[in-house]
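Quick note: the coordinates plus some simple rules give every number you see, no bench work behind them. This structure is a prediction, so every number in the text was calculated from the model and none was measured. Cβ placement follows ideal geometry from the backbone for every residue including glycine, while neighbour counts extend to all protein chains displayed.
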Amino acid sequence: MSEPSPPFDFVVVANRLPVDRVEVADGQTEWRRSPGGLVTAMDSVMRGRDGAWVGWAGDPGDAPEPFVDEGMYLCPVGLSAEDVRDYYEGFSNDTLWPIYHDVIVPATFHRRWWDAYCRVNERFAQAAADVAAQGATVWVHDYQLQLVPALLRELRPDVRIGWFDHIPFPAVELFAQLPWREKIIEGLLGADYLGFQRTADAGNFVRACRQLAGKKTRGDVVTTTSGETTREVRASAVPISIDFRQLDELARSPEVRARAQEIRESVGNPRVLMLGVDRLDYTKGIRHRLKAYQELLADGRIAPPDVGLIQVAVPSRERVDAYRHLKEEIEGTVGRINGDYSTVGAAAVQYLHQSFDRAEMAAMFQAADVMLVTPLRDGMNLVAKEYVTCRADNGGALVLSEFTGAVHELRSGAYVHNPHDIQGLKNTILRAIFDDDRTKRTRMRSLRRRVRDHDVQRWASRFLDALAAAPGRPD
């Protein structure tokens, strides 16, 4: 069978490719699956589909030549070291990310960063235009590429354009802080359909269009005019999910089950093992979680070796100042907790600043009696859904922040809390620990049904159906 080659009727455009180039022995390199929720979700959607994926390969420098990976055509976009600094670390993660996450840390505004953001978005739009067939569907992803829809429409008015926001979209009062707010709105309105994690996010975008850009809106539809062309763009919620069946099958494997038991034994086989799994990001509420845990230990409500905590903190954006400071603060807190409360052979916190493959994570999820998901703001949080999927035994308990997108689907079975309320978080953790097993099994069965019935394939179908039916579709 011949390998796929352009043009393609279906094109995904994302900041990153689904694979990273990594060094192996003797200076050789190979491509391996990238981390992150977007890749995890879209990789499942794309496998087996005749399409192309446009994205950055992860290293600064010239783009590698396009190549085929497991039947998918991958089209790398090159970013220079300056682009990485200004477009990615700067505007995307030190300007947009704070604004879109309730300004938990202050946003930084630099015109040089904005110029880089425009330049790189133009590059992505051109790469997508080059591989898209006549009348193709192009699905653009996330906050790094908010100008691509309009840029692509200028290059290829024949294609159908959708955009999905994997993170929250901020309230108008926060979005208004951006000096380039109207240009971002115009960039997004180049799409035919805009998908968001929550109804509130879609509503925030529509209000921004009306209040900050003077657009006419009706329900979830925004009317936009460019020259003599007037179009309607729909914005609505399509919450993302995971590949339930694939992960469930992995979690049920004898190897993963055996590894879960090994993990429990390696930390002293506590009666209750708690787990946190997060990117090392200030939005994830890791500090609040550790503070609640520290106070529970100080109060004498729990103690090693009876209760333990594993905290996985996946390295992230370590050249951005806010992330370096967060890493230092968390490591200092972990050190103090362990110094004050560990016993011989049983650390109060097992802190792992590294990433793990899916099989190891599935084993950790099975090993954990209580899963702590405590973000201060999160678009969805797929870790919550992954934990639920890995609990085919209907065991475990999910402690879930009310500021995640996932809470809108999982509220009935999760132990919901406000992470800013440390005492409330402590009480919620204690409920998750001490509720009777029958109650917890009932909760977990409910959670598993929801995730199983609303998996990533259903999410993709809902998005693409909405894109096909969007009001601006040409005859």
*asked:* Taking R0 as 51 Å, what FRET efficiency do you get between LEU212 and VAL344 from their Cβ-Cβ distance, rounded to the nearest 0.05?
replied: 0.30
*Gained length - ARG449 relative to LEU352, 0.36 nm times residue gap less alpha-carbon distance*: 31.8 nm
*asked:* Loop-only chymotrypsin sites (Phe, Trp or Tyr not before Pro) in the stretch 76-138, please: DSSP not H, G, I, E or B, and at most 16 other Cβ atoms within 10 Å.
replied: PHE109
*What order do you get for CYS75, CYS118 when you list them from fewest to most C-beta neighbours inside 10 Å?*
CYS118, CYS75
*Let me have the relative contact order for the chain, percent, based on Cα pairs under 8 Å that are six or more residues apart.*
13
*asked:* Using the basic label-point model (7 angstrom from Cα toward the beta carbon), what is the ARG119 to PHE434 distance in nanometres?
replied: 6.0
_For the stretch 76-201: rounded, prolate or oblate by the Cα gyration tensor [a/c cutoff 1.5]_ = oblate
*asked:* Quick check on my link table: of LYS284/LYS327; LYS291/LYS426; LYS291/LYS385; LYS284/LYS440; LYS284/LYS385; LYS183/LYS284, which ones sit more than 18 Å apart, alpha carbon to alpha carbon?
replied: LYS291/LYS385; LYS284/LYS440; LYS183/LYS284
_Within 10 Å of each candidate Cβ there may be at most 16 other Cβ atoms; applying that plus a DSSP loop requirement, which trypsin sites (Lys or Arg not before Pro) in the stretch 17-123 survive?_
ARG47, ARG49
*Treat the stretch 244-454 as a sphere of radius equal to its Kirkwood radius over Cα pairs and apply Stokes-Einstein at 20 °C in a medium of 1.002 mPa s; give the translational diffusion coefficient in µm²/s, rounded to a whole number.*
126
*Quick one: net charge of GLN126's neighbours, Cβ under 14 Å, K/R +1, D/E -1?*
+1
*Counting DSSP beta bridges with both partners in the stretch 244-454, what percentage is antiparallel, nearest 5?*
5
